[in-house]
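Student: Quick one: the structure is below, questions incoming.
The values are calculated or read from the model by the stated rules, or taken from the named source; none is laboratory data. It should be emphasised that the depicted structure is a prediction, and the values quoted were computed from it without experimental measurement. Because the Cβ atoms are built from the backbone with ideal geometry, glycine has one as well, and the counts that use them run over all protein chains shown. Just the protein is used for accessible areas: all its heavy atoms, side chains included, with ligands, DNA and RNA removed. Shrake-Rupley method; radii C 1.70, N 1.55, O 1.52, S 1.80 Å.
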There are 4 protein chains.
Amino acid sequence: MGSFQIRTDLALEARESVSDADGSMRGVRVEEYYKEEEDIQVTKVMIDTKNAAKVMGKPVGIYVTMEAPALVEPDEDYHREISDCLAEELLQLIPNAEKEQSILVVGLGNREVTADALGPQVVDNLFITRHVVKNYGKAAYNCSRMNLVSSIEPGVMAKTGMETAEIVKGVVSETSPDVLIVIDALAARNTRRLNRTIQITNTGIQPGSGVGNHRNALTQESLGVPVIAIGVPTVVDAATIVGDALDQLIRDKAFDGLEYVGKQSMAMAELNNMYMTGKDIDAVIKRVSFTVSEGINIAMEKAMA
Amino acid sequence: MGSFQIRTDLALEARESVSDADGSMRGVRVEEYYKEEEDIQVTKVMIDTKNAAKVMGKPVGIYVTMEAPALVEPDEDYHREISDCLAEELLQLIPNAEKEQSILVVGLGNREVTADALGPQVVDNLFITRHVVKNYGKAAYNCSRMNLVSSIEPGVMAKTGMETAEIVKGVVSETSPDVLIVIDALAARNTRRLNRTIQITNTGIQPGSGVGNHRNALTQESLGVPVIAIGVPTVVDAATIVGDALDQLIRDKAFDGLEYVGKQSMAMAELNNMYMTGKDIDAVIKRVSFTVSEGINIAMEKAMA
Amino acid sequence: MGSFQIRTDLALEARESVSDADGSMRGVRVEEYYKEEEDIQVTKVMIDTKNAAKVMGKPVGIYVTMEAPALVEPDEDYHREISDCLAEELLQLIPNAEKEQSILVVGLGNREVTADALGPQVVDNLFITRHVVKNYGKAAYNCSRMNLVSSIEPGVMAKTGMETAEIVKGVVSETSPDVLIVIDALAARNTRRLNRTIQITNTGIQPGSGVGNHRNALTQESLGVPVIAIGVPTVVDAATIVGDALDQLIRDKAFDGLEYVGKQSMAMAELNNMYMTGKDIDAVIKRVSFTVSEGINIAMEKAMA
Amino acid sequence: MGSFQIRTDLALEARESVSDADGSMRGVRVEEYYKEEEDIQVTKVMIDTKNAAKVMGKPVGIYVTMEAPALVEPDEDYHREISDCLAEELLQLIPNAEKEQSILVVGLGNREVTADALGPQVVDNLFITRHVVKNYGKAAYNCSRMNLVSSIEPGVMAKTGMETAEIVKGVVSETSPDVLIVIDALAARNTRRLNRTIQITNTGIQPGSGVGNHRNALTQESLGVPVIAIGVPTVVDAATIVGDALDQLIRDKAFDGLEYVGKQSMAMAELNNMYMTGKDIDAVIKRVSFTVSEGINIAMEKAMA
C-alpha cells in the first residue's frame, strides 16, 4: 500500500490498493463482466458495510466502472456503443427509472480549464425538455409520457463566491426534481485509466473529490433526493504519481521508506494543487463529453419507451 | 406616436414617445445633467404614479440613463470615467449602500449569442469576495469592513429547461443576499442609442424585457430583496425599426396609416424573434461589459471606503 | 425591382429580382429538382454570359442552392440526409473529384459574432488528414488512396490587421492545395431563407460578400486554384429589409416612390453596418455548421470510395 | 545533473543544471539585476559559442528572464509595472526598434487547452494597426510615425493539418513584416517558476519547444526575418518532475542510480505526452496573457515616441 495518501476518485483503484492477496475484502462485493463486441469491461463494486467504507475511503453504495479503451480513439462521430452501455447501467441506478420523472443534470467543473470542463460540456449536449413540457405539454413531443429534463452549470467558487452545493441546493428546492445526475471530471491514480473509464455511482459527490476539489457534498443526505454521479478520470494528482514512483523505488531498494518519506513529502508540498493531464485533452474532453451526454439522452428516452 | 407596438427597454425612449408637446407628463418627473469633462448626459426619469406607469409601460420607480458617446469608441484599456460615473449612480440606488452588505450580481443572457452576452461577460470580470470572507474572514483583505460579493450566470431556458427566475429565486433563498444587481442586454428603439447608453433602475427586470425575452420578473416583489437592474441596449427590435420607417412614411404622406397597418403588420410577422445589431458587436460587448463590471467593482469598494 | 440597392449573396434571390415576367432571362439557365423524401429543393442557376453576370451582379459560373426547411429544426443529432445531398452537389463542382487531391478548407468569419461564426465552427468539425498522411503515410488509415484535407481559420481583419485574402494566399502558396473549399455566412434578402438554405458555387468568394464583408476576392483568378464556396444565409441586411417594406408600400400606394426614396435613404444611413438575425442563432449555427462539416467529410470520403 | 533528459524551455534552468561549482561556464555570460520597487529579478544569459550552445542545449543568442513573483497574484486590473519592464527588455532585442517597422505577432498554442492558450490570448488583446494605416494612412492616428502591427493565431496541427511553420512562412512571404514576435507557453523544470517567469529571446522558437511541441522551428534562419520569442512557463513536463524526485532520492541514498534508472524510465514511458499544471491555470493565463499583450502594446508605442 502507498506510503503517500492515495488521491483517487475511482472505487476500482481504491479497492486495488487495499484488497488482500486473493483480491477479496470483507464487506465489499465485486461483479465483473466483459462486453466482447464493444470491448467494454464493466466492474461493479458494492460497498456494503460501514467498516468496508472506512477502509475503502468511499461511502456505502454501488460503483459501476466501465473501462472502454475505444473511448480515447477518435470515432466517425462519437462512440454510440459506449453511450448505449452507459444508458443501461445508468437506468439500473436511477430509482423508479420506469416512472415518468423530473431529472436535473448538474454539470460540475470549470469550463475554462480543459481537463475540468467535462461537466459543462456534457450539459451543452443534453436534450432538455422540462420547459417545453411545462409550457406546451407532452403533446409538443407527440407522446403521453416524457421525462422532464433540466440542467444547470453551477460554475466554480472562485467565480461565483458560492459553494457549488449552495447553488444546487437552491435550484433543487425551487424546482424539486425527483433525481439528480451529477457529472464531474475525476482524478485517477493510474494514468492508464485516464479518459477511457466511466464511473457511475449512487453515492453522489463526496467532499474533496473531482478535479476542482468541491468542498461540499452533493448527496441524497445533503439534498434530499437521490444523486447519481457520473465521472470520468481526466487527470492524475501530481503528488500521487510522484509518490507512487518513490514507493516503487523504496520497495525495490528495501530500505526504510518511512524515514525517507518525511523529507520527501515536504519537498512535494509544492505539488499540491497541481495535476497531470494529456496534451490532447481538448479533443478527448470534446469526444468523451459527447459520448456521456448521448448516454444520458438515450437513457431518458429508453425510460419512456 | 407609433402605430406599431413600441418595443423598448429604455424608460427614456418610452417617455419620448408618450410625452406631451411640452415634453412634460403628469406623474413623471425628469432631472437631467451633463458631465462636460466626461461628455456623459445623465437623465433621471422618476415614475411616481400607477397611472403614469401604465402610460409609460414601465413600473413605478427610478430610471437613470447615462448616455456616453465615448462608450462605442475603443479606449486604451476601458472607459474609467464612465465606470466612475456608473459607480456613483449605482450607489445612489442601492439601499443602505454605506452599510456592509452581501450583494449577488446576476448576469442574464446567453453567452453564445454575442449581442446577448453582456450579463455573462460582466460577471466574468467582477471582484468576487464572498467565499474568501466566509472562509478566511475580512483579514484576508486586511480590512475591517468588506461587502460580500457573489455572482451567478443562470443561463437561458433553452439550455437549462428552467426559468431564469426559478434559478435566481433558489440561489437567493439559499444564500440570502441583501441586494441583487441584475445585468442584462436591452432592446432600444433608436439605433443611435445602441451600445452608448447605460440604464440603471431600482425596479428590477420586467417580464418580456431584454434581448433574450425573459418570461418572468426579477423584482423585489418576486424575490423579496431589492433588485437593481443595469442594462445596455445592444439590439433594436426588427419589427420596431421597420414599423418606425413606415410610420414616418405614413405621416409624410398623410394617408390613412391605420388602414394600411393591418396588412403590413401581417407581412411583418416574420420579423418577430429577430433583432438588429451592429457588425462589430463582439468588440463593443467586450469593451462595454468591462466598463460595467469595473463600475460595479468601484462601487463595492467605495461603499467600504 | 427594388428601389434600394439589393444586398443578397444568393444567386437565387438576385435572379428573382431581375427575371422577366415569365421568369426566364437571357444568358441564365436554371435547373430545378425536388428531393421528396428529404424535402430538399435544389435549384441550379447557371450564369453563362458576361452580360447576364452584369445584370445579376454575380460572376459567370454555377450556383447550386439547396433549400431544406428541416435545417432550422433540431434533429436527434444533425441532418444526415442534408449532409449527404450537400456531399453529392459538392462533388459535382470539385474538379477531378475522383482523383486523390489536397484540399484546403477555409473557414471565413468571426468566431466571436454568432451569426458570422459558421466558417470557424465548420472547420472545427472537419476530419483533418493532411498531417497524418504526410507524417505516417496512407497506411495510417489502412487505405491506398486518401485526400489530404487541411483547414485554416484566417480570422477577421480587425483582429489580424491583414486581409483574409493575404493570409489565404500565403498559406496556399506555401502548401499548394489542389482545391479550396471556402465556408462563409451569407446575407439573404428574404428572412424566409435564413438558416435553411445552402448555396454552393464554383465562383469562390466575391468582394463585399458575406456577413463580415470581406474586402478582397477569394477566386481561382486571385489564388490560382479552383475555389468552391459553400455559404448559408444567417442574416438579412437591415437597410434591405426596411427598403423592401417601403417598396411594398410605395407600390401599394402607387405614389412617386423615387422622389420619396431620396429622403428615406438618408434616414437609413444609420442602418449601414447593421444586420438582422434570429434570437436562437446560436443553436442554429451550431447545428447548421455541423451539418455542413459532415457534408464535407462525407464528400472527401466518397471521393476515395 | 539529472539522470533523466531535462525538458526545460528556460535558458536559466538549462544553465543551472550544467554550470560548474562556481556557477560560471565557458562561452556563457550572465548579467543580473534586481528591480527593487517592482520586485522583478532580471537575468540575461548570453550564449556566445557553438560549444556552449551544445552544452546548454540552446542556440547561440540572448535570453532575458524576468522573474516577477507578483505575476501569480491577482492585481486590480493587471501588472502594469511588469508590462513596462517587458516593454523595455523587448525593445532592446528588436533590431532597429527606433525605426518605423511592420511587426507580425504570432500567437502559438491551442486556445482549447488552457495551459497552452497563452499565445492566442495574448493576440486577443493587441492593439492592431496595420489594416488601419494601410487603408486610411497614419492620419487615422493623428501621427507621423506608426508601427504596422498585425497578428496571427496559426492554430495547432491536429486542427489545421499543417505545420505552424508552413502557415507562418506563408503569411510572412505574403505580408513581409520586418520583425516577428512569437508568443508561446513554455515548459519549466521547476514548479516554482511556473506563471511568474517571462523569457524573451532573439533566437526564436526551436523544434520541440513549447507546451504544444511544435515540430518545426520559427527562426530568422527559417523565416528570413528576425524572430523575437516571448514565453511564459505554464507547465512542467511530467517525466521531468518524477525524474527529478528520483534523482534527489538516488543522491540521498548514494546507491547506483544509473543501474536503477533503466527500469524506471520504462515505467515512465506512459508519462510522455503528459504535463503538470496548476488548478487555477485559467485565471493565471487570463492575467498573464493580458500583462504580456500590454507589454507589447507599450513597446510598440514607445518605439514611436
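Student: Filter the range C:36-52 down to the residues that are without any contact (Cβ under 8 Å) to a residue 24 or more places away in the chain and open to solvent by less than 20 Å² (accessible area, probe 1.4 Å) and list them by number.
Tutor: Matches in the range C:36-52: C:46 only.
Student: Then there is this: Can you tell me which condition residue A:58 does not meet? The list is (1) part of a loop (DSSP other than H, G, I, E, B); (2) surrounded by fewer than 21 Cβ atoms within 10 Å (Cβ to Cβ); (3) charged (D, E, K, R), and all the others hold.
Tutor: (2)
Student: Give the range C:68-88 a look and list any residue that's open to solvent by less than 50 Å² (accessible area, probe 1.4 Å) and closer than 23 Å to residue C:283 by Cβ, or say none.
Tutor: C:68, C:70, C:71, C:72, C:78, C:79, C:82, C:83, C:84, C:85, C:86
Student: Please verify whether the range B:228-251 includes one or more residues that are in a loop (DSSP other than H, G, I, E, B) and either in contact with a strand residue (DSSP E or B) (Cβ under 8 Å, 6 or more places away or on another chain) or modelled with pLDDT under 90 (or both).
Tutor: No, there is no match, as no residue in the range B:228-251 is in a loop (DSSP other than H, G, I, E, B) and either in contact with a strand residue (DSSP E or B) (Cβ under 8 Å, 6 or more places away or on another chain) or modelled with pLDDT under 90 (or both).
Student: Ok, one more. Give the residues of the range A:178-191 that are more than 7 Å from every other protein chain (Cβ to nearest Cβ) and of a type outside the set (Asp, Glu), sorted by residue number.
Tutor: Once the filter is applied, which keeps residues that are more than 7 Å from every other protein chain (Cβ to nearest Cβ) and of a type outside the set (Asp, Glu), the range A:178-191 yields A:179, A:180, A:181, A:182, A:183, A:185, A:186, A:187, A:188, A:189, A:190.
Student: Looking only at residues in the range D:129-155 that are at pLDDT 90 or above, aliphatic (A, V, I, L, M) and surrounded by fewer than 21 Cβ atoms within 10 Å (Cβ to Cβ), which one is farthest from residue D:277 (Cα to Cα)?
Tutor: Of everything passing the filter in the range D:129-155, D:133 is farthest from residue D:277 (Cα to Cα).
Student: Show the residue pairs that are 6+ apart or on different chains and have beta-carbon atoms under 8 Å apart, the first residue being within the range C:1-22 and open to solvent by 40 Å² or more (accessible area, probe 1.4 Å), the second being modelled with pLDDT of 80 or more and β-branched (Val, Ile, Thr).
Tutor: Hits for this filter: C:15/C:28; C:15/C:30; C:15/C:45.
Student: Collect the residues in the range B:145-177 that are out of contact with any Leu (no Cβ under 8 Å at 6 or more places or on another chain), under 16 Å from residue B:131 (Cα atoms) and either assigned to a helix (DSSP H, G or I) or more than 8 Å from every other protein chain (Cβ to nearest Cβ) (or both), keeping them in residue-number order.
Tutor: Result: B:145, B:146, B:147, B:174, B:176.
Student: Give me a count of the residues in the range B:93-128 that are over 16 Å from the mean Cα position of the chain (by Cα), open to solvent by 30 Å² or more (accessible area, probe 1.4 Å) and either at negative phi or among the β-branched types (Val, Ile, Thr) (or both).
Tutor: Selection size over the range B:93-128: 9.
Student: Conditions first: (1) part of a loop (DSSP other than H, G, I, E, B); (2) surrounded by fewer than 24 Cβ atoms within 10 Å (Cβ to Cβ); (3) at the interface with chain C (Cβ under 9 Å from one of its Cβ atoms). Residue D:203 passes all but one, so which condition is the exception?
Tutor: (3)
Student: May I ask you to list pairs of residues, at least six apart or on different chains, whose Cβ atoms are under 6 Å apart, with the first in the range A:123-134 being more than 8 Å from chain B (Cβ to nearest Cβ) and the second being part of a loop (DSSP other than H, G, I, E, B)?
Tutor: A:133/A:146
Student: What single numbered condition from (1) in contact with a strand residue (DSSP E or B) (Cβ under 8 Å, 6 or more places away or on another chain); (2) surrounded by fewer than 22 Cβ atoms within 10 Å (Cβ to Cβ) fails to hold for residue B:221?
Tutor: The number of the failed condition is (1).
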